[in-house]
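Down below is the structure, laid out as structure tokens.
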């Protein structure tokens, strides 16, 4: 396992050595730090996943050409982003990795929608005069409940080291 970790450290060193050649805004906008995390995750999963083993060479290439791609033409930037997103998609779909605070955001929105609808239905059924109040109450309660469940799920994901 330490040999595999050495591979991802090499990728991190390649990126660190050249990151001063691009603007800080571009570094953040094109999520170059995510490329380092992708390398670590591909390193971890390459023992059991054929796709991860095959794509290690592509990650090496991306770590070497990211400066030329970002500072190059819009076509090269788009190609870089497309290749990067393909790697992220694989990690999401096959290995269950998600961004930080993914479930908190998703469940908050879901709770907000369900709570508002439930409040509207209850308000309409009980007394149409309190429809606004019941919708507002449903909105708040749904948001709070969704946020609680989302934070709980995010803690579970973080505990299992499935954050991208």
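So, residue 73, is that one under 16 Å from the mean Cα position of the chain (by Cα) and assigned by TED's automatic domain parsing to the domain that holds residue 35 or not? When the stated conditions are applied, residue 73 does not pass them. Tell me whether region 113-120 contains one or more residues that are touching a residue at least 24 places away in the same chain (Cβ under 8 Å) and either under 24 Å from the mean Cα position of the chain (by Cα) or not in a helix (DSSP H, G or I) (or both). Within region 113-120, one or more residues are touching a residue at least 24 places away in the same chain (Cβ under 8 Å) and either under 24 Å from the mean Cα position of the chain (by Cα) or not in a helix (DSSP H, G or I) (or both). Of the listed requirements (1) in contact with a helix residue (DSSP H, G or I) (Cβ under 9 Å, 6 or more places away or on another chain); (2) without any contact (Cβ under 8 Å) to a residue 12 or more places away in the chain; (3) part of a helix (DSSP H, G or I), residue 85 misses just one: (1). Is there a residue in region 3-10 that is surrounded by 14 or more Cβ atoms within 10 Å (Cβ to Cβ), modelled with pLDDT under 85 and not in a helix (DSSP H, G or I)? Checked region 3-10: no residue is surrounded by 14 or more Cβ atoms within 10 Å (Cβ to Cβ), modelled with pLDDT under 85 and not in a helix (DSSP H, G or I). Inside region 107-134, residues that are buried (at least 20 other Cβ atoms within 10 Å of the Cβ) and farther than 28 Å from residue 89 by Cα make up a count of 5.
The values are calculated or read from the model by the stated rules, or taken from the named source; none is laboratory data. This one's a predicted model, so the numbers in the text were calculated from it and none came from an experiment. All Cβ positions, glycine included, derive from the backbone under ideal geometry; neighbour counts span all protein chains shown.
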